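Notes to accompany the following structure.
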Amino acid sequence: MPLRDIDDLERLKKINAALVSRVERSMDQQGNAFSLFQTAISLENRVRNRTEELHATLRRLEQSNIDLSAAKESAELANLSKTRFLAAASHDVLQPLNAAHLSVSALAEVQASDEGRKLVRQVERSLETMEDLLRTLLDISKLDAGVVQPEIGDVSLEALFSSLRSDFLPEAAKKGLSLKFRPVNVAVRSDRTLLRRILQNILSNALRYTRSGGVLVGTRHRGDTIRIDVADTGCGIPEDQREAVFEEFHRGTSTLADAGLAGGLGLGLAIVRRMAAALGHPVTFSSKVGRGTIFHIDVPVGMAAAEPAMAAADIERPRGYGLFGTKVLLVENDMDVLSAMTSLLERWQCLVRAATSTDDALDLLGDTAWLPDIVIADQHLDGGDLGTSTIAEVRDYLGRTVPALIVTADGSEPVAKAARAAGIELMRKPLKPAQLRALLAHLLA
């Protein structure tokens, strides 16, 4: 119908509203289409940007992996160098100290005056303190570097206690203290060397910080665990020092001064904590100032039956020192140590022939009128020779298992294992002459 024929105003308004509505819908549809187009473009740009960012991140990650790999390799090389340094330091630092120990001991043999013997004893004490400090610092460095790898096996506690009793009874007697070990027929799972060192350090501290009374070592069975207790009647540890006692060079001087005691180097418990952590053996303690301290070490029960212990009479029976006329083949490549050891053995009336390598030692055996009663060898000799191999060749040449002793500054477990496998005794440098003399008498008995 033509507009001119429409004379109803309301009807015209409705038609106009319908037309306006149609136009608006059309515009909205166009606007929506344009909006969708813009959104699509925006999304495409965002995807492109994110893809570029992802590629950049992947490139950075790849470069980081390359850098990490290089850093890991560098760290491993540094750790290997540190390991080698520690091994060299153990040997090279302790070698001259060993020569000094032997020379001073030989000097003590010729002292006729009380003043001379007193001075020699002062030098010996200083050397022993230096040795303890160096050994402990080297041990701490090795533990921190992860060089020490425990060798876990069944360890007889009774045999271990017997050995510690033999070591510490003279010290306890000198201070007028009692030292008791409760009998125990059980084996535990641990590294014998590290567990012995833990107990050794705790016992040393217990005796050092106890003025009267004594020390008692016992065990308690707790399910799959054996708890080793070391109890003393010493000065005790104050509440505010319970964590500090495990720190390096902490000596609790105020407590010691009140008790009238002299402290050690402050490294004993620091190395106890590191060794116990390496073994997975929790170490705790309870203490009362003025009444004493009890240290607890929790160790897993062993899987094998405990070894029979030596009788106390066998442990404490004094051995004879009859070395007169003993023929000693000494194999040592350090000239200072060789000279000092020869001098000391000759003071004990031994007949010594010295060599610096395996070939030198075998050459000395060409004289059939002189056959060694015992062989003493360093582990690391000239030309890359090993003392264990030298002893094996000497025994093969002689056709008999001559008693033998390895003396070395190398404290590694492989050396100890090689010596045990060959039936060779082992002593660590620096040597304590009294222990060396007792061991030689025992081997020759």
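For the stretch 146-162, residues that are surrounded by 15 or more Cβ atoms within 10 Å (Cβ to Cβ) and touching a helix residue (DSSP H, G or I) at 6+ places or on another chain (Cβ under 7 Å) total 6.
Apart from one condition, Ala187 fits all of (1) farther than 30 Å from Met303 by Cβ; (2) of a type outside the set (Val, Ile, Thr); (3) touching an Asp or Glu at 6+ places or on another chain (Cβ under 7 Å); the exception is (1). Each residue in the stretch 366-392 was checked for being closer than 18 Å to Lys327 by Cβ and surrounded by fewer than 22 Cβ atoms within 10 Å (Cβ to Cβ), and 8 of them qualify.
In the stretch 403-417, what residues are of a type outside the set (Ser, Thr, Tyr) and surrounded by fewer than 18 Cβ atoms within 10 Å (Cβ to Cβ)? Of everything in the stretch 403-417, those that are of a type outside the set (Ser, Thr, Tyr) and surrounded by fewer than 18 Cβ atoms within 10 Å (Cβ to Cβ) turn out to be Glu413, Pro414, Lys417. Lys180 satisfies every condition listed in (1) open to solvent by less than 30 Å² (accessible area, probe 1.4 Å); (2) closer than 27 Å to Ser166 by Cα; (3) at pLDDT 85 or above except (1). Are any of the residues in the stretch 356-368 in contact (Cβ under 8 Å) with a residue 12 or more places away in the chain and closer than 30 Å to Ser126 by Cα? Yes, some residue in the stretch 356-368 is in contact (Cβ under 8 Å) with a residue 12 or more places away in the chain and closer than 30 Å to Ser126 by Cα. Could you tell me whether Asn185 is in contact (Cβ under 8 Å) with a residue 24 or more places away in the chain and either open to solvent by 30 Å² or more (accessible area, probe 1.4 Å) or of a type in the set (Ser, Thr, Tyr) (or both)? Yes: the conditions hold for Asn185.
One residue is enough: does the stretch 380-392 have a residue meeting the conditions more than 18 Å from Leu338 (Cα to Cα) and over 24 Å from the mean Cα position of the chain (by Cα)? For the stretch 380-392, residues more than 18 Å from Leu338 (Cα to Cα) and over 24 Å from the mean Cα position of the chain (by Cα): present. The residue that is modelled with the lowest pLDDT, among those in the stretch 381-434 that are among the hydroxyl-bearing types (Ser, Thr, Tyr) and within 22 Å of Arg192 (Cβ to Cβ), is Ser412. For the stretch 1-26, the set of residues classified as at pLDDT 60 or above and either open to solvent by 100 Å² or more (accessible area, probe 1.4 Å) or in a loop (DSSP other than H, G, I, E, B) (or both) consists of Asp8, Leu9, Glu10, Arg11, Lys13, Lys14, Arg22, Glu24, Arg25, listed by residue number.
Anything in the stretch 191-230 that is of a type outside the set (Val, Ile, Thr), crowded, with 17+ Cβ neighbours inside 10 Å and part of a strand (DSSP E or B)? List them, or say none. Result: Gly214, Leu216.
Annotation note: of Ala108, Ala88, Ala78, the sole residue that is farther than 19 Å from Arg428 by Cα and at pLDDT below 75 is Ala78. The residues of the stretch 324-348 that are of a type in the set (D, E, K, R) and either open to solvent by 30 Å² or more (accessible area, probe 1.4 Å) or on the phi > 0 side of the Ramachandran plot (or both), listed by number, are Lys327, Asp334, Asp336, Glu346, Arg347.
The values are calculated or read from the model by the stated rules, or taken from the named source; none is laboratory data. Small disclaimer: the values here were computed from a predicted structure and weren't measured. We place every Cβ from the backbone using ideal geometry, glycine too, and count neighbours over all the protein chains shown. Just so you know, the surface numbers come from the protein's heavy atoms only, side chains and all, with ligands and any DNA or RNA stripped out. Shrake-Rupley method; radii C 1.70, N 1.55, O 1.52, S 1.80 Å.
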